[in-house]
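Worksheet: one structure, shown below.
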Ligand code: ADP
Ligand code: ADP
């Protein structure tokens, strides 16, 4: 999917407490691109990610996926759109503690009343090096294994776009490096669009296109 954001603005609060978390951000992403967005704490990264993925709606501005303005969708339609087309990876993994790795991975499909494609599940978990860990609970896995489980969950519904919010923020540098190598490998081999939010310059530099955000203002780094 091709994504186009125009003049996305998000204002929280009113009067004295008014915060412009995002100020007229514009962005075009073609299917298969790998972008990073770097910025300090409080700069508006999460706000931008929530708007780009349709988890939240802007104060003003538009966002199209293949020409369709997704903010015109009703909440239920928008949530269905997200579940089918977008995968999310979080800093805290967000695995459900009482479910096994396998149950966590297939949960997005069950929510859509779909059955897993066993061949694809097998291929994904092999690629991610967790095929032998599927019957384990999250607390029985290392941090890196938990994040690799979460990556499988993000991919199981075969979305076009993956949004990763500080995917290595909770990992040591070795397992963080492994997770980044896997994400890059998946991006390259599967043709997914990958958008990574980070405050780590080394991770930002792994992307094809780098953006930075400062006080809610988004700009492309080294744009031609
Ligand atoms: P980052 O992800 O880069 O840390 P955020 O997008 O979370 O930045 O926040 C950007 C700004 O918006 C910050 O000043 C933050 O305090 C403010 N903000 C974020 N969410 C809310 C909210 N729900 N209500 C009020 N202010 C918010
Ligand atoms: P709904 O509540 O509208 O049914 P879901 O909770 O199913 O939507 O969320 C759809 C997608 O958005 C899921 O992939 C989920 O992981 C992700 N998601 C849900 N809440 C958040 C959040 N607060 N921040 C980031 N991603 C989220």
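FYI, it's all coordinate maths here, none of it is from the lab. In this text the structure is predicted, and so the values were computed from the model without any measurement. With ideal geometry, Cβ positions are generated from the backbone for all residues, glycine too; neighbour counts draw on all protein chains shown.
Using only the Cα atoms of the stretch 50-109, each taken as one equal point scatterer with no solvent, compute I(q) by the Debye sum, divide by I(0), and report log10 of the ratio at q = 0.22, 0.26, 0.29 Å⁻¹.
Each listed q corresponds, in turn, to -0.93, -1.11, -1.27.
Could you run the Debye sum over the Cα atoms of the stretch 1-132, one equal point scatterer each and no solvent, and tell me log10 of I(q)/I(0) at q = 0.15, 0.17, 0.21, 0.22 Å⁻¹, two decimals?
The calculated log intensity ratios at q = 0.15, 0.17, 0.21, 0.22 Å⁻¹ are -0.90, -1.08, -1.31, -1.36.
R0 = 25 Å: FRET efficiency of residue 181 with residue 222, Cβ-based, nearest 0.05? Write out the running numbers ahead of the final one.
Numbers: r = 23 Å, r/R0 = 0.92.
For residue 181 and residue 222, the calculated efficiency is 0.60.
Using only the alpha-carbon atoms of the stretch 67-224 as identical scatterers, what base-10 log of I(q)/I(0) does the Debye formula give at q = 0.18, 0.20 Å⁻¹?
Each listed q maps to, in turn, -1.16, -1.35.
Relative to the longest principal axis of the C-alpha atoms of the chain, give the angle of the C-alpha long axis of helix 118-127, reported between 0 and 90° and rounded to the nearest 10°.
In the chain, helix 118-127 runs at an angle near 80 degrees to the longest axis.
May I ask for the angle, rounded to the nearest 10°, between helix 75-85 and the longest principal axis of the chain, with both axes built from Cα atoms and the value confined to 0 to 90°?
Helix 75-85 and the main axis of the chain meet at about 50 degrees.
Okay, helix-only estimate at 222 nm for the chain: each DSSP H run of n ≥ 4 adds -39500 (n - 2.57), divide by all residues, round to 500 deg cm²/dmol; what do you get? Please list the in-between numbers first.
Values: 7 runs with 75 residues, N = 224.
Helix-only estimate at 222 nm: -10000 deg cm²/dmol.
Once you have the Cα-Cα distance between residue 215 and residue 172, take 0.36 nm times their residue separation minus that, and quote the gain in nm to one decimal. Provide the component values of the computation, followed by the final result.
On the way: separation 43, 0.36 × 43 = 15.48 nm, distance 2.84 nm.
Using 0.36 nm per residue and subtracting the Cα-Cα distance, I get 12.6 nm.
Could you tell me the distance between the Cα centroids of the stretch 186-224 and the stretch 1-60, to the nearest Å?
Their Cα centres are 14 Å away from one another.
On C-alpha positions alone, give me the angle between the axis of helix 173-190 and the longest principal axis of the chain, in degrees, nearest 10.
For helix 173-190, the angle is close to 80 degrees.
For residue 59 and residue 118, compute 0.36 nm times the residue count separating them, minus their Cα-Cα distance, and round to one decimal in nm. Kindly include the intermediate steps, with their values, before the conclusion.
Working: separation 59, 0.36 × 59 = 21.24 nm, distance 4.20 nm.
So the chain would gain 17.0 nm between residue 59 and residue 118.
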